[in-house]
Amino acid sequence: MNGFSVRAKLTAWYGALFLLAGLVLVVINYLLVQSTLPDPARVALSTVGSADLTYGVPAETVPAAGVAMRLVSGSLDEYRDSTLSTLVVGSAIALVATAALAVLFGWLMAGRALRPLHDITSTARRLEAGKLDRRINLEGPPDELKELADTFDGMLDRLAESFDSQKRFVANASHELRTPLAVQRTLVEVAMADPEVTPELRKLGTHLLHTNERSERMIEGLLILARSDRGLTARAPVRLDEVVAAVVRATSAQAASAGVKVETRLRPRVVAGDPVLLERLVTNLVVNAITYNASGGWVYVEVRGDPALEVRNSGPVVPPEAVPTLFEPFRRVGSERTGDTRNAGLGLSIVRSVAQAHGGYADAQPGRRGGLTVTVHLPPS
């Protein structure tokens, strides 16, 4: 019964126990009726003996006494067998009918008893990291199921508080770090503007500016990630094809500098969401496809029904086992966390978070000859 649901198992157990109890009751009833019915031989002897005494003639002297006893005994045997047979057949029919009703009522009662568990399961399936506001709020007597539902609701309350605290910390820390980074960048630029700066200091300043720029991109990415993880407070119709066209135009200089050709196929598609977050999603995908590519490579961007957005690019071979880790923050293929200064390592993490905030999801597959194919599925508006 491993492949059956709990409801089916409970119904089967209930029906089996009912049949067992019914069989025991039928056997007991059969034995009671059998012991209650008169013994044919004894009744026949008593009947014939009474007749003989009535006429004052001993039974041994009457030739027809044996015949009378056999007739009476045979009639009683038939009556006894007929009664027991009728009892067995009627009991079997009644047992089968009541067993069928018991299974039906057992199925209904099992469904009613397991309904809170279905509520817990459906609530757990609808939960997301940015949407922990759903609760079961089970009403009923204080039994084990209500205790389980209340415990589950309490766990969701603690999880929601923990996620909110984490998001507030990331957002506040990112805001606090933006000011000192801006001050550092200004100081380095002022120092490098001095005509008497030595080549060594100018080289050091250039390196500091690159590091500072990477830190600013990382902080900006953390802010966007924290914002998208909170979910959407408002939605507006957004033409995804127009957003993609604008992003491709904005990144055309970067693509030309990298020697990468960008091709598009844009069908009209309206998405209900945040235009700023959707633009960031498209920008991250296009920029990543250009950055992690090879000179003379290509990028193909398509907007259609489902998936809503697909971005393919040429480039180095991506191991299939490394693809799931690309959506984790600060993870890159073939490089350490601090070994790549081109991006902050939050591109695909932001893509996934923005897609989930819009009720969709993002997926990636390695290309047959290298590169990556990223698809974004978004619900229709």
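The values are calculated or read from the model by the stated rules, or taken from the named source; none is laboratory data. Remember, it's a predicted structure, so these values are computed and weren't measured experimentally. Methodologically, a virtual Cβ is constructed for each residue, glycine included, from the backbone with ideal geometry; neighbour enumeration extends over all protein chains shown. Calculation scope for accessible area: heavy atoms of the full protein, side chains included, ligands and nucleic acids excluded. Shrake-Rupley method; radii C 1.70, N 1.55, O 1.52, S 1.80 Å.
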| message | Run the simple label-point estimate for ARG158 and GLU189 please: 7 Å along Cα→C-beta, distance reported in nm. | response | 4.9 nm
| said: Just to confirm my numbers, what's the Cα centroid distance between the range 87-112 and the range 260-313 in Å? | reply: 62 Å
| message | Keeping all protein chains in the complex and leaving out DNA, RNA and ligands, what accessible area do you get for ARG239 with a 1.4 Å probe, in Å² to the nearest 10? | response | 90 Å²
| task | Over the range 87-209, consider all pairs of different Cα atoms and compute the Kirkwood hydrodynamic radius from their mean reciprocal separation; express it in Å, one decimal. | result | 21.3 Å
| note | Restricting to Cα pairs under 8 Å and 6 or more apart, the percent relative contact order of the range 99-200 works out to 19 percent
| remark: Counting only protein heavy atoms and leaving out ligands, DNA and RNA, the solvent-accessible surface of ILE93 at a 1.4 Å probe, in Å² to the nearest 10, equals 110 Å²
| note | For the range 176-309, the accessible surface attributable to carbon and sulfur atoms (probe 1.4 angstrom, ligands and nucleic acids excluded) amounts in percent to 57 percent
| query | Could you give me the ³J(HN,Hα) list for the range 279-293, computed from phi with Karplus coefficients 6.51, -1.76, 1.60 and θ = phi - 60°, whole Hz, x at Gly and Pro? | reply | 5, 5, 4, 5, 4, 4, 5, 5, 5, 4, 5, 6, 5, 8, 9
| request: Just reorder SER215, SER82 by solvent-accessible area, largest first, 1.4 Å probe, all chains present. | output: SER82, SER215
| List GLU263, GLU216, GLU302, ordered by accessible area with a 1.4 Å probe, largest first | GLU263, GLU216, GLU302
| So for the range 89-225, taking the charge dipole from beta-carbon charges (+1 Lys/Arg, -1 Asp/Glu), which of ASN137, GLN166, THR98 sits furthest toward the positive end? | THR98
| query | Rg and Dmax of the range 124-188, Cα atoms, in Å? | reply | 20.0, 69
| said: Using only the heavy atoms of the protein chains and a 1.4 Å probe, how would MET218, MET109 rank by accessible area, largest first? | reply: MET109, MET218
| Principal axis box of the range 215-329, alpha-carbon based, largest edge first, Å | 42, 32, 28
